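The values are calculated or read from the model by the stated rules, or taken from the named source; none is laboratory data. This structure is a prediction, so every number in the text was calculated from the model and none was measured. With ideal geometry, Cβ positions are generated from the backbone for all residues, glycine too; neighbour counts draw on all protein chains shown. Heads up: the accessible areas ignore ligands, DNA and RNA and are worked out on the full protein's heavy atoms, side chains in. Shrake-Rupley method; radii C 1.70, N 1.55, O 1.52, S 1.80 Å.
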Amino acid sequence: MMARLRTALVADFPLVAMALALSQPAWAAPDTPAAATGLAPFFTPAGARPKATDADGFVQRWLLLEPIAKPNRSNAGFTADYVRTALTQSLPAGQVDAVPRDGALQAGTPLRWHALDTSLFDVKLFNFAQGLGKPVYGVIFWATTVVDAPREMRGVRLAVGSNSASMWWVNGTAAAGLFGDRRMVMDDVLSRPLTLHKGRNVIRGAVINGPGLSDFCVRLLDAEGQPIRDLTTTFADPRGSRS
């Protein structure tokens, strides 16, 4: 398998103290959103049929929430404590665990969810925001997908890379955290061994970035460290939950 490493171009910003209050409405847009450019060629609308992973096991179908404004002039302060607090407080209480629907507004915010297939192994959040004419710097992105497993799978590890910091949950349990100022590298962090249920499993993540590009990649590895390729992704929710 050909290894893939994508480096991010990051502008040179001076370090400043992080003094923004977390109680400020996180979805308040900054003054200068990007001009809309469209989502092609990086994204297409998700289809109705389940989608398989790519040949290397990367998940390519996601529900993405429009970016939440969280100004940070530098990524140097993305400590574990800061990231956990910023991400968990970025959505109204009780709304983090809901499986959203395509086009739905996130409760308590003016932000909308988009069901998309990515054309590459990584999910280019910068281009997602830019394509919608939304803020691209100083933002938080939430992502959700529903992975269908053909059988129970034990000893599975969630393998994540992100630019910049991020946190990830599998079936409601914290699985991985990537902290500090980092570039997106495939399999940068592996979770502890997990069990995928036969059928529906929910993967949820949030990425925070200040200056520079934003993206992530996610796949699941078996107990031998090999990519799991017989998973599909779908947004069907038998419980009918809504955001």
* Structure fact -> Of the listed residues (120, 64, 87), the one being touching a helix residue (DSSP H, G or I) at 6+ places or on another chain (Cβ under 7 Å) and within 23 Å of residue 219 (Cβ to Cβ) is 64
* Asked: Given the conditions (1) under 15 Å from the mean Cα position of the chain (by Cα); (2) crowded, with 19+ Cβ neighbours inside 10 Å; (3) among the hydrophobic types (A, V, I, L, M, F, W, C), which single one is not true for residue 202?
  -> (2)
* What is the residue count in the range 51-82 for residues that are more than 14 Å from the chain's Cα centre (by Cα) and closer than 20 Å to residue 209 by Cα? -> 14
* Structure fact -> Filtering the range 123-159 down to residues that are of a type outside the set (A, V, I, L, M, F, W, C) and more than 20 Å from residue 201 (Cα to Cα) yields 124, 127, 130, 131, 133, 134, 135, 137, 138
* Could you pull out every one of the strands (runs of 3 or more DSSP E) wholly within the range 99-185 that has 2 or more residues that are open to solvent by less than 50 Å² (accessible area, probe 1.4 Å) and among the small types (Gly, Ala, Ser)? => 139-149, 153-163, 165-170, 173-178
